[in-house]
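Student: Attaching a single structure in C-alpha cells format; questions to follow.
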Amino acid sequence: MNALAATSRNFRNAARILGLDAKIEKSLLIPFREIKVECTIPKDDGSLVSYVGFRVQHDNARGPMKGGIRYHPEVDPDEVNALAQLMTWKTAVADIPYGGAKGGIGCTPRELSKSELERLTRVFTQKIHDLIGTHTDVPAPDMGTNAQTMAWILDEYSKFHGHSPAVVTGKPIDLGGSLGREAATGRGVVFGTEALLAEYGKSVKDLTFVIQGFGNVGSWAARLIHERGGKVIAVSDITGAIKNPNGIDITELIKYKENTGSLLNFSGGDNMDPNELLVHECDVLIPSALGGVLNRENASSVKAKFIVEAANHPTDPEADEILSKKGVIILPDIYANAGGVTVSYFEWVQVTDRGKTLSPIDFSEFD
Ligand code: NAD
C-alpha cells in the first residue's frame, strides 16, 4: 500500500478511537505546506544532473516543525508526506514541543561522490532556506544523510541568515551537536524494546533478534542489544544479509563493515537470502531500513513474536491486521524510534540562535 494511504488510514483509525471531530481529522490529514524544488548540480566530470527535492511541513500546532532529510531513490511526494505526518504524531507521543515535517531528495547517495553530495545539499538548501529556520522548521538526518549533511545545510543556511546552529540537529559536535545524538534513535529503540519485553516478563539477554538495516539506527540497536547479552542472529543491509544461530559478534561485524563496505562474507556468519530475513525464526524482529517491508505478501510467514518498528512505517495496515490476528506484538514507529527526535530537541534548546552553547548535555553515557 502507498505510504501516504497507509499512514492516513492508521491516523483515521486513531481519530475514530479518540472520537476526534471530523473537521479536525480532515485538517490534520492535509499538510501545512508542500515544497518541491529542482536541484541541478555539476557532476565531478563536468556534466549537469538534476534531482527533485521535497520538504513537507505537516503541522506546527505544538511548535516548530521537525523532521529528517532522506536521500534515497524511492523518495517521492507521497512518501515524504507520510513521513512528515508521522513526525507530527511522534513529537506529540514523545511530548516535545515540535510539530512534524520531512524532506528528501530522490537520489542514490552511494553513487555520488562526497563533493557531489555537498553540491546537491547546498543547492537544496538554497532552494528551501527561506522556508526552514530555527523557529519554523528544523531538519535532521534520516536515511542516506548524516552529521556531515547537516553541517553543509547549516553552513549554506548561515550564508543567508547568519550563523544559525539550531537550524538543524544531528550536526557534528564541533558545530553544536549533542554527544550521543548519533546513537540516540537506536538507543531509544533498545529502551523501548526493554520496556515492551518487561511487560511480558522477558528480557533482552534471553532472546534472539533479527535486524533489517545496518545503518545508523540498525547498527546502534544491534550494538546495544549485543552489549546487553541479546543474540542478534541475522542482519541485513542493501548489500545483503548474514545469519548465525549462535549470535553474531556485532562489534566485529561493525569493524568488518567499516573495512569492506559490506556485511557479506563476514567470517562470523553465513550469507543468507535477504528476502528470507524478515520471516526468519526469532523472538524479536527489528525492521530498521525502509517503509512497507512487512505487507500482505509476507506478513503471514513472519515468525517473530515481537516486532519493534525502528524504521518509519515498516508495517503496512494489511500486514498489521494479519500480524495482530497471529498474536504478534508490534511496538509502533512513533514510539519505538522517537529517541532521535527527543535528543534532537535537547540539542536544539542547548544552542541559541547566536551559536552560544548554553548547557551541553551528554547523552552518550545515558544507560
Ligand atoms: P541509514 O541510511 O543510516 O541506514 C539505512 C540502512 O538500511 C543501511 O544499512 C542500508 O544499507 C539499509 N537498507 C537500504 N535498503 C535496504 C534494503 N532493501 N534491505 C535491507 N537493508 C536496506 O538510515 P537510518 O538513519 O539508520 O534510518 C533507518 C530507518 O530509521 C529509516 O526508516 C528512518 O526513517 C528511520 N529513523 C531514523 C532516525 C535517525 O535518527 N536516523 C530517526 C527515526 C527514524
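The values are calculated or read from the model by the stated rules, or taken from the named source; none is laboratory data. Values in this document were obtained by computation on a predicted structure and should not be read as measured data. Note: ideal-geometry Cβ built from the backbone for every residue, glycine included; neighbour counts use all protein chains shown.
Student: What's the total number of residues in the stretch 137-152 that are part of a helix (DSSP H, G or I) and surrounded by fewer than 24 Cβ atoms within 10 Å (Cβ to Cβ)?
Tutor: Pass one, the stretch 137-152, residues part of a helix (DSSP H, G or I): 147-152.
Next, only the ones that are surrounded by fewer than 24 Cβ atoms within 10 Å (Cβ to Cβ) stay: 147-148, 151-152.
Within the stretch 137-152, residues that are part of a helix (DSSP H, G or I) and surrounded by fewer than 24 Cβ atoms within 10 Å (Cβ to Cβ) number 4.
Student: Scan (1) in contact with a strand residue (DSSP E or B) (Cβ under 8 Å, 6 or more places away or on another chain); (2) farther than 26 Å from Gly180 by Cβ; (3) small (Gly, Ala, Ser) for the single condition Gly218 breaks and write down its number.
Tutor: (2)
Student: Which condition number does Thr169 fail, the rest of (1) over 30 Å from Lys303 (Cα atoms); (2) within 16 Å of the ligand (Cβ to nearest atom); (3) part of a helix (DSSP H, G or I) being met?
Tutor: Only one criterion is unmet by Thr169, namely (3).
Student: Moving to a separate point now. For the stretch 61-96, which positions are closer than 17 Å to Gly339 by Cβ and of a type outside the set (A, V, I, L, M, F, W, C)?
Tutor: Scanning the stretch 61-96 gives Lys66, Gly67, Gly68, Lys90, Thr91, Asp95.
Student: While we're on this one: Going by the conditions given, is Asp333 over 15 Å from Gln212 (Cα atoms), crowded, with 20+ Cβ neighbours inside 10 Å and acidic (Asp, Glu)?
Tutor: Values: over 15 Å from Gln212 (Cα atoms): no; crowded, with 20+ Cβ neighbours inside 10 Å: yes; acidic (Asp, Glu): yes.
Taking the combined requirement at face value, the residue does not satisfy it.
Student: Residue under question is Glu276, and the condition is that it be within 14 Å of the ligand (Cβ to nearest atom), outside the structural domain of Gly63 (by TED's automatic domain parsing), buried (at least 24 other Cβ atoms within 10 Å of the Cβ) and not in a loop (DSSP other than H, G, I, E, B); does it hold? Outline the logic, then answer.
Tutor: Details: within 14 Å of the ligand (Cβ to nearest atom): yes; outside the structural domain of Gly63 (by TED's automatic domain parsing): yes; buried (at least 24 other Cβ atoms within 10 Å of the Cβ): no; not in a loop (DSSP other than H, G, I, E, B): yes.
When the stated conditions are applied, Glu276 does not pass them.
Student: Go through (1) surrounded by fewer than 17 Cβ atoms within 10 Å (Cβ to Cβ); (2) modelled with pLDDT of 95 or more for Gly192 and report which single condition fails.
Tutor: Condition not satisfied by Gly192: (1).
Student: Here's something else I'd like to know. Kindly list the number of the only condition in (1) within 14 Å of the ligand (Cβ to nearest atom); (2) free of Cβ contacts under 8 Å to residues at least 24 places away in the same chain that fails for Ala241.
Tutor: If we test Ala241 against (1) within 14 Å of the ligand (Cβ to nearest atom); (2) free of Cβ contacts under 8 Å to residues at least 24 places away in the same chain, just (2) comes out false.
Student: Show the residue pairs that are 6+ apart or on different chains and have beta-carbon atoms under 9 Å apart, the first residue being within the stretch 136-151 and within 7 Å of the ligand (Cβ to nearest atom), the second being at pLDDT below 95 and part of a loop (DSSP other than H, G, I, E, B).
Tutor: Met143/Leu290
Student: Kindly list the number of the only condition in (1) within 28 Å of Gly218 (Cβ to Cβ); (2) outside any helix (DSSP H, G or I) that fails for Asp130.
Tutor: Here Asp130 clears every test but (1).
Student: Which of the residues spanning the stretch 296-330 are surrounded by fewer than 18 Cβ atoms within 10 Å (Cβ to Cβ) and within 15 Å of the ligand (Cβ to nearest atom)?
Tutor: Residues satisfying the conditions are Glu297, Asn298.
Student: Something else: Return yes or no: is Lys243 touching a strand residue (DSSP E or B) at 6+ places or on another chain (Cβ under 8 Å) and either outside the structural domain of Ile211 (by TED's automatic domain parsing) or basic (Lys, Arg) (or both)?
Tutor: Numbers: touching a strand residue (DSSP E or B) at 6+ places or on another chain (Cβ under 8 Å): yes; either outside the structural domain of Ile211 (by TED's automatic domain parsing) or basic (Lys, Arg) (or both): yes.
Answer is yes for this residue.
Student: Could you please find all residues in the stretch 195-212 being buried (at least 24 other Cβ atoms within 10 Å of the Cβ) and touching a Lys or Arg at 6+ places or on another chain (Cβ under 9 Å)?
Tutor: Phe209, Val210
Per-residue answers, yes or no, for (1) assigned by TED's automatic domain parsing to the domain that holds His135; (2) on the phi > 0 side of the Ramachandran plot; (3) over 20 Å from the mean Cα position of the chain (by Cα); (4) not polar (S, T, N, Q):
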{"position": "Pro165", "(1), (2), (3), (4)": "yes, no, yes, yes"}
{"position": "Gly176", "(1), (2), (3), (4)": "no, yes, yes, yes"}
{"position": "Gly186", "(1), (2), (3), (4)": "no, no, no, yes"}
{"position": "Thr193", "(1), (2), (3), (4)": "no, no, no, no"}
{"position": "Ala198", "(1), (2), (3), (4)": "no, no, yes, yes"}
{"position": "Ser203", "(1), (2), (3), (4)": "no, no, yes, no"}
